[in-house]
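A quick write-up on the structure given underneath.
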Amino acid sequence: MPRPLEDVNSQLNRHNLLMLAQQYDGPVWAYDAQLIRQQIDKLRQFDVIRFAQKACSNLHILRLMREAGVKVDSVSAGEIERALAAGYQAGAQSDEIVFTADVLDAPTLTRVNQLKIPLNTGSVDMLHQLGAVSEGHRVWLRINPGFGHGHSQKTNTGGENSKHGIWYRDLPIALDAIRRYNLKLIGFHMHIGSGVDYRHLAQVCEAMVEHVIVSSHDIEAISAGGGLSVPYLSGGETIDTRHYFDLWDSARQRITDHLGHPVKLEIEPGRFLVAESGVLISQVRAVKQMGRRHFVLVDAGFNDLMRPAMYGSYHHISALAGDGRPLDGVNKLETVVAGPLCESGDVFTQQEGGKVETRKLPEVRPGDYLIFHDTGAYGASMSSNYNSRPLLPEVLFDQGQVRQIRRRQSIDELLALER
Ligand code: LLP
């Protein structure tokens, strides 16, 4: 939920953000650790909360998760190394790290095998590749149930237009491969998309129960995947996590009754845990009028915050005066907010498909700041070096302290790979 900058319960308040903005020479990501812990606590009913680190993979955020008892999902060799560096354990007895993918490249397969990290399998070929080198390895099966949903077509991970998971009708083939290599099936996993509408939940739970029963294979656990949405718009729907748990819990109960022993229930959120805990602070560098359009150009671009350009995602924007003057009574203008990139799509106020929109913002001038809210998930982690722009610093507020948890990349570091 876009928090007012006066929110006394958040350290991402006007005073702290202005202090950071003035201290850093350029855009910076800021997170509030306490807000992350509050979100974790809303899901404590699940047996395992597994953080989909792709949403925000900074080592210090991963350490915070681990200290709060949250396990972790990795989707690349890099994310495995991040999990290890954050103190997560791997090994034949550990389920702290799970590797989820639809393909296994050769070096990643070697690492997964060395560390005996359970594999959440999204294709039958992965089972063959793993089985050939690691007999008895622990696996999950990620099922594509034939339908999916997401906040954008690009985040829908189910149905026949999605590359993800094992098609539900191919489950017998996957189970054959599991028997052939004597792999150890831990459970079934279903993640139908990101930013999922709650009306789909009952259908997902039903599909999970049906597939467990039809497969007639014993399992220890089921995973509800991630996908829980957050209200990016003020007044947007907030998830009732108790209802969410209850639906999954009754699916789990039916599976328990069918198998005749307890079954663990996992959840694997990314966005829900971190989105609302983060902001991106940018500085206004130019203001211009283009015909009827009023543009405010800031020093952060879509290489930093990609979601508006990629999905037409909405992020609430608030203004902070660089000189401390009050902006409350200031004239409001329909504003297009854009970045510095040499590309027309570098606009933060746009719909999916690229249609430019405006936002009613106080009249600002160069030297003022614009804050992009709810950018803790898929913000820094989706940034790139496009236009040869270095990655931004990140800071974490925790218990009254502020800590830099990533420094700004230098241009030398950026060029080093090519030297
Ligand atoms: N589990 C699996 C297997 C996933 O593929 C994902 C996200 C998650 C869990 C976590 O989903 P979440 O709880 O965060 O919705 N870049 C997009 C989101 C892409 C999500 C990809 N997979 C965005 O900015 O909205």
> If you check every pair at least six apart or on different chains, which have Cβ atoms under 7 Å apart with a residue in segment 99-113 that is within 13 Å of the ligand (Cβ to nearest atom) first and a residue that is charged (D, E, K, R) second?
Replying inline: T100/D73; T100/R142; D102/K163
> Do the conditions hold for D218, that is, is it of a type in the set (D, E, K, R), in contact with a Leu (Cβ under 9 Å, 6 or more places away or on another chain) and under 19 Å from D95 (Cβ atoms)?
Replying inline: yes
>> If I ask for residues that are assigned to a strand (DSSP E or B), more than 12 Å from the ligand (Cβ to nearest atom) and of a type in the set (K, R), which ones from segment 142-196 would you list?
In response: K184
>> Six or more apart or on different chains, Cβ atoms under 6 Å: show the pairs whose first residue is in segment 272-286 and on the phi < 0 side of the Ramachandran plot and whose second is within 8 Å of the ligand (Cβ to nearest atom) and not β-branched (V, I, T).
In response: F272/L228; V274/A55; V274/A377; A275/A377
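Would you say G322 is buried (at least 18 other Cβ atoms within 10 Å of the Cβ) and either closer than 23 Å to Q409 by Cα or at pLDDT 95 or above (or both)?
Details: buried (at least 18 other Cβ atoms within 10 Å of the Cβ): no; either closer than 23 Å to Q409 by Cα or at pLDDT 95 or above (or both): yes.
Answer is no for this residue.
So which residues in segment 201-216 are crowded, with 17+ Cβ neighbours inside 10 Å and either in a loop (DSSP other than H, G, I, E, B) or within 15 Å of the ligand (Cβ to nearest atom) (or both), if there are any at all? Outline the logic, then answer.
Going through segment 201-216, the residues crowded, with 17+ Cβ neighbours inside 10 Å turn out to be 201, 204-205, 207-209, 211-212, 215.
Listed by number, the residues that qualify are L201, V204, M208.
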> Which one is modelled with the lowest pLDDT, of the residues in segment 1-33 that are crowded, with 16+ Cβ neighbours inside 10 Å and of a type in the set (S, T, N, Q)?
Replying inline: S10
> Can you tell which of I213, I173, I219, I186 is of a type in the set (V, I, T), over 23 Å from D240 (Cβ atoms) and out of contact with any strand residue (DSSP E or B) (no Cβ under 9 Å at 6 or more places or on another chain)?
Replying inline: I213
>> Of everything in segment 403-419, what is closer than 15 Å to R389 by Cβ, out of contact with any helix residue (DSSP H, G or I) (no Cβ under 8 Å at 6 or more places or on another chain) and in a helix (DSSP H, G or I)? Give them in sequence order.
In response: D412, E413, L415
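Yes or no, residue by residue, for (1) under 17 Å from the mean Cα position of the chain (by Cα); (2) over 30 Å from M1 (Cα atoms):
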| site | (1), (2) |
| --- | --- |
| G187 | no, yes |
| V196 | yes, no |
| Q203 | no, no |
| V209 | no, yes |
| A224 | yes, no |
| G227 | yes, no |
| L233 | no, no |
| G236 | no, no |
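If we scan segment 68-75, do we find a residue that is surrounded by fewer than 18 Cβ atoms within 10 Å (Cβ to Cβ), in the same structural domain as S162 (by TED's automatic domain parsing) and free of Cβ contacts under 8 Å to residues at least 60 places away in the same chain?
Initial filter on segment 68-75 (surrounded by fewer than 18 Cβ atoms within 10 Å (Cβ to Cβ)): 68-69.
Going one step further and asking which of them are in the same structural domain as S162 (by TED's automatic domain parsing), we end up with 68-69.
Retained after the next criterion (residues that are free of Cβ contacts under 8 Å to residues at least 60 places away in the same chain): 68-69.
Yes.
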>> Checking the conditions here, which among E357, E343, E352 is assigned by TED's automatic domain parsing to the domain that holds L396 and within 16 Å of the ligand (Cβ to nearest atom)?
In response: E352
>> So, in segment 287-301, exactly how many residues are small (G, A, S) and touching a residue at least 12 places away in the same chain (Cβ under 8 Å)?
In response: 2
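I'm trying to understand the selection: among the residues of segment 267-299, which are of a type in the set (G, A, S), closer than 23 Å to L5 by Cα and more than 9 Å from the ligand (Cβ to nearest atom)? Spell out the reasoning first.
We begin by selecting, within segment 267-299, every residue of a type in the set (G, A, S); these are 270, 275, 277-278, 282, 286, 291.
Retained after the next criterion (residues that are closer than 23 Å to L5 by Cα): 275, 277-278, 282.
S277, G278, S282 - these are the residues of segment 267-299 that are of a type in the set (G, A, S), closer than 23 Å to L5 by Cα and more than 9 Å from the ligand (Cβ to nearest atom).
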> Does segment 269-288 include one or more residues that are among the acidic types (D, E) and over 18 Å from the mean Cα position of the chain (by Cα)?
Replying inline: no
> Out of all the residues in segment 127-155, which are within 24 Å of the chain's Cα centre (by Cα) and within 15 Å of N182 (Cα to Cα)?
Replying inline: V139, W140, L141
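The values are calculated or read from the model by the stated rules, or taken from the named source; none is laboratory data. In this text, all values refer to a predicted model and were calculated from it rather than measured experimentally. Using ideal geometry, Cβ is built from the backbone for each residue, glycine included, and neighbour counts are taken over all protein chains shown.
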